[in-house]
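The values are calculated or read from the model by the stated rules, or taken from the named source; none is laboratory data. The structure displayed is predicted, hence computed values, not measured ones. For neighbour counting, all protein chains shown are included, and Cβ atoms are generated from backbone atoms with ideal geometry for every residue, glycine included.
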Amino acid sequence: MRAFNAAANWLVGKAFAMRTANKIALQRLHYADLRGHFGLSAQMAVRCIAQVCQAYKRDKTKRPHFRPFAAMPYDQRLMSFKGPDRVSLLTLGGRILMPVVMGRYQKERFSPAIGQCDVVRRRDGKWFLLVTVDLPEGTRTSASDFIGVDLGVANIATTSDGQIATGDAIEDCRRRYASARRSLQKAAAARKRQGQRPKSIRRKLCSLAGREARFRKHENHCISKRLVAIAKGTGRGIALEDLQGIRSRIRLRRPQRARVHGWSFRQLRQFVSYKAAMAGVEVRPVDPRDTSRTCNCCGAIDKANRRTQAEFRCRRCGHAAHADINAALNIRAKALVNGPQVSERHAGLQSAV
Ligand SMILES: [Zn+2]
């Protein structure tokens, strides 16, 4: 892994200087160096070139850097599964047979037909093999009705049916970990003043961050699973606001919250999308504009309609509702009005069927 990333880091400098992401050109010029100088195997050199091109293409204005333990791609020529609990990995010292541990969920979905894998070394020194598997998508039925889902901070997800997944558990968890973090940081500072290196405290801080992220992930899995199950069970699709809208709409008080919620939202949406695809449930994105300030009864749009975080009362018709449920109903209404956003090719296929 060190050799691979050292090679990638060197090669990406060359690619950046030459302003090229052309694999063939890079291979012609530097393949021999990757083999001779860095000692990579033939296939590792090929993967290294591909990895470098990808990193350079992502943002051509900045020179990418590869950390010594950045994830290393392993394809079918570099690895192979020997049964469900052992994997053979090519290293600079030849092939090694490594025992692997898989969770039950992963085991059920594991198939030998896998895509590219990444070998990852976590900061605590544990090694992971991230395996990509292709799962068949459910046959997607075009939905004629939708569950509108409003995503928020106080309530993570609210449906147009009136179900609310509150953010209380997550907020509790965030607070608990934030205070644990503060006291650990204090302890670390005290140790530093005494001239000691607070290494064990650092490790604890690190594991705290991991635990909080896993808790959120678990919550997001549960919420998205429930949403998709309801949609599937009632033969409806799921309507969500477009991501850009969510980011600009929610006003956040502290930058830390913004960061946390940013990825947490993206994750929830990703989970909804892939679980929906597996179940054959349509997800329809809608324009997020005014969903929270429009009256679902009469259509009046007024910022003052939303009195507090939780309360909606229409200034024109007097309609009162839970603010997030009102928003979810608006999202559903938008999805019903918007035609399905499919390409012509796709539409042609559907009509042919
Ligand atoms: Zn109204």
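Residues being modelled with pLDDT under 85 and either over 19 Å from residue 44 (Cβ atoms) or of a type in the set (Gly, Ala, Ser) (or both): count how many of those fall in segment 93-131.
Looking only at that region, the number is 12.
So which of 284, 269, 316, 306 ends up being crowded, with 17+ Cβ neighbours inside 10 Å, at pLDDT below 95 and within 14 Å of the ligand (Cβ to nearest atom)?
306
Can you name the residue in segment 287-300 that is surrounded by fewer than 14 Cβ atoms within 10 Å (Cβ to Cβ) and closer than 24 Å to residue 242 by Cβ and, of all such residues, is farthest from the ligand (Cβ to nearest atom)?
Step by step, filter segment 287-300, then rank; the result is 287.
Out of curiosity, is residue 232 loosely packed, with under 15 Cβ neighbours inside 10 Å and modelled with pLDDT of 85 or more? Walk me through how you get there before you give the answer.
Working: loosely packed, with under 15 Cβ neighbours inside 10 Å: no; modelled with pLDDT of 85 or more: yes.
Considered against the rule, which asks whether it is loosely packed, with under 15 Cβ neighbours inside 10 Å and modelled with pLDDT of 85 or more, residue 232 comes out as no.
With a cut-off of at least 1 residues that are surrounded by 16 or more Cβ atoms within 10 Å (Cβ to Cβ), β-branched (Val, Ile, Thr) and out of contact with any Gly (no Cβ under 9 Å at 6 or more places or on another chain), name the helices (runs of 4 or more DSSP H) lying wholly within segment 1-119.
Answer list for segment 1-119: 2-18, 42-58.
Considering segment 155-185 alone, what residues qualify as being over 26 Å from the mean Cα position of the chain (by Cα) and more than 14 Å from residue 208 (Cβ to Cβ)?
161, 162
Return the pair list, or none, for Cβ contacts closer than 8 Å from residues in segment 292-304 that are closer than 20 Å to residue 155 by Cα and assigned to a helix (DSSP H, G or I) to residues that are at pLDDT 90 or above and more than 9 Å from the ligand (Cβ to nearest atom), at least 6 apart or on different chains.
Matching pairs, first to second residue: 303/293.
Could you please let me know if residue 77 is closer than 21 Å to residue 267 by Cα and free of Cβ contacts under 8 Å to residues at least 60 places away in the same chain?
no
Just to be sure before I move on: is residue 249 away from the ligand (no atom under 16 Å from the Cβ), at negative phi, at pLDDT 95 or above and touching a Ser or Thr at 6+ places or on another chain (Cβ under 8 Å) in the structure I sent?
No, not satisfied.
Quick one: which of 162, 148, 195 is among the small types (Gly, Ala, Ser) and modelled with pLDDT under 90?
Among 162, 148, 195, only 195 is among the small types (Gly, Ala, Ser) and modelled with pLDDT under 90.
Any chance you could count how many residues in segment 1-45 are among the β-branched types (Val, Ile, Thr) and without any contact (Cβ under 8 Å) to a residue 40 or more places away in the chain? Please lay out each step first, then the result.
Of all residues in segment 1-45, those among the β-branched types (Val, Ile, Thr) come to 12, 20, 24.
From what is left, the residues that are without any contact (Cβ under 8 Å) to a residue 40 or more places away in the chain are 20, 24.
Residues that pass the stated criteria total 2.
Taking interchain pairs and intrachain pairs at least six residues apart, which have beta carbon atoms under 8 angstrom, with the first residue in segment 46-62 and small (Gly, Ala, Ser) and the second not in a helix (DSSP H, G or I)?
50/73; 55/64; 55/66
Go through the residues of segment 217-226 one by one and say whether even a single one is part of a helix (DSSP H, G or I) and hydrophobic (A, V, I, L, M, F, W, C).
yes
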